[in-house]
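Beneath this line is the structure, given in structure tokens, with notes to follow.
The values are calculated or read from the model by the stated rules, or taken from the named source; none is laboratory data. Being a predicted model, the structure only gives us computed values, none of them experimental. When we count neighbours, we look across all protein chains shown, and the Cβ atoms used for this are built from the backbone with ideal geometry, even at glycine. Calculation scope for accessible area: heavy atoms of the full protein, side chains included, ligands and nucleic acids excluded. Shrake-Rupley method; radii C 1.70, N 1.55, O 1.52, S 1.80 Å.
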Amino acid sequence: AQRVRAYIDLRLFTSSPSRLVHIGEAGWHFYTNDRNLEIGQGTHLLSNEDLETIRLNQVAIQTSLKEQGIDYVLTLIPSKASVYPEFIKGGNFQIGTTLIDQVTTYLQENTTIPVINVKPELIKAKSEQDVYFQTETHWNHAGAYIGYKAIINRLNELGMIQTQPVSISTMPATHNGEFSAMMGYPG
């Protein structure tokens, strides 16, 4: 009965049978917990106090690792909602400043921690191909490769490595997203 109701809600009414999943435009699904939609909409940002707390924690990690002879690099991965806000229903949302952009800028201006934010590369690549799964929270294989290349290229710029990203070949594939299970309609 739950599966039938989930199917009817999803297919007939295009509404999510789960409060954890937002059915957006053009079949894009978004995770709703952790203020994720607000992040994508640009309405949830960090305060200066939040940024300072993050800075203090990150510097403590950097210091601890340095004492052990380990270099620290912080890599930030954007949420799907911050890369594809235009598919969130309920407004005309555009790509803008999100939490990771704030953290990137704050740490770059106030610490020596190298920060790698892969959001710009994902946004650039999305004009040619999807970089996140439409029905899942995670980036897809293309997005993961783009993120990987961004990280390797930045590590080269920092002088931490001297190697280029490996080249890959791709082929079409299908994927069942995690949201179908959350909505009670696996598959």
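Output yes when any residue across the stretch 29-40 is modelled with pLDDT under 95, part of a loop (DSSP other than H, G, I, E, B) and surrounded by 13 or more Cβ atoms within 10 Å (Cβ to Cβ), and no when none is.
The answer is yes; a qualifying residue exists.
Within the stretch 143-165, how many residues turn out to be of a type in the set (Ser, Thr, Tyr) and either assigned to a helix (DSSP H, G or I) or surrounded by 18 or more Cβ atoms within 10 Å (Cβ to Cβ) (or both)?
Count: 2.
When both residues are 6+ apart or on different chains and their Cβ atoms are under 7 Å apart, which pairs have a first residue that lies in the stretch 82-99 and is within 25 Å of residue 47 (Cα to Cα), and a second that is acidic (Asp, Glu)?
93/86; 94/86
Checking the structure you have, find out if any residue of the stretch 43-57 is within 16 Å of the chain's Cα centre (by Cα), closer than 22 Å to residue 143 by Cα and open to solvent by less than 80 Å² (accessible area, probe 1.4 Å). It would help to see each step written out before you state the result.
To start, the set of residues in the stretch 43-57 that are within 16 Å of the chain's Cα centre (by Cα) comprises 44-45.
Filter once more, so that each one left must be closer than 22 Å to residue 143 by Cα: none.
Checked the stretch 43-57: no residue is within 16 Å of the chain's Cα centre (by Cα), closer than 22 Å to residue 143 by Cα and open to solvent by less than 80 Å² (accessible area, probe 1.4 Å).
Taking residue 96, is it part of a loop (DSSP other than H, G, I, E, B), touching a helix residue (DSSP H, G or I) at 6+ places or on another chain (Cβ under 8 Å) and not polar (S, T, N, Q)?
Spelling it out, residue 96 is indeed part of a loop (DSSP other than H, G, I, E, B), touching a helix residue (DSSP H, G or I) at 6+ places or on another chain (Cβ under 8 Å) and not polar (S, T, N, Q).
So, in the stretch 41-72, how many residues would count as being at pLDDT 95 or above and assigned to a helix (DSSP H, G or I)?
20
Determine whether the stretch 113-120 contains at least one residue that is more than 15 Å from the chain's Cα centre (by Cα), over 14 Å from residue 40 (Cβ atoms) and either acidic (Asp, Glu) or in a loop (DSSP other than H, G, I, E, B) (or both). Full working, then the answer.
The first filter runs over the stretch 113-120 and keeps only residues more than 15 Å from the chain's Cα centre (by Cα), leaving 113-115.
So of that shortlist, the ones also over 14 Å from residue 40 (Cβ atoms) come out as 113-115.
This time we only want the ones that are either acidic (Asp, Glu) or in a loop (DSSP other than H, G, I, E, B) (or both), so: 113-114.
Yes, because at least one residue in the stretch 113-120 is more than 15 Å from the chain's Cα centre (by Cα), over 14 Å from residue 40 (Cβ atoms) and either acidic (Asp, Glu) or in a loop (DSSP other than H, G, I, E, B) (or both).
Those residues that are in a helix (DSSP H, G or I) and open to solvent by less than 10 Å² (accessible area, probe 1.4 Å), I need them from the stretch 121-135; list them, please.
Correct list: 122 only.
Residue 105 is checked against (1) of a type outside the set (A, V, I, L, M); (2) over 13 Å from the mean Cα position of the chain (by Cα); (3) buried (at least 20 other Cβ atoms within 10 Å of the Cβ) and fails just one. What number does that condition carry?
The one condition residue 105 does not meet is (3).
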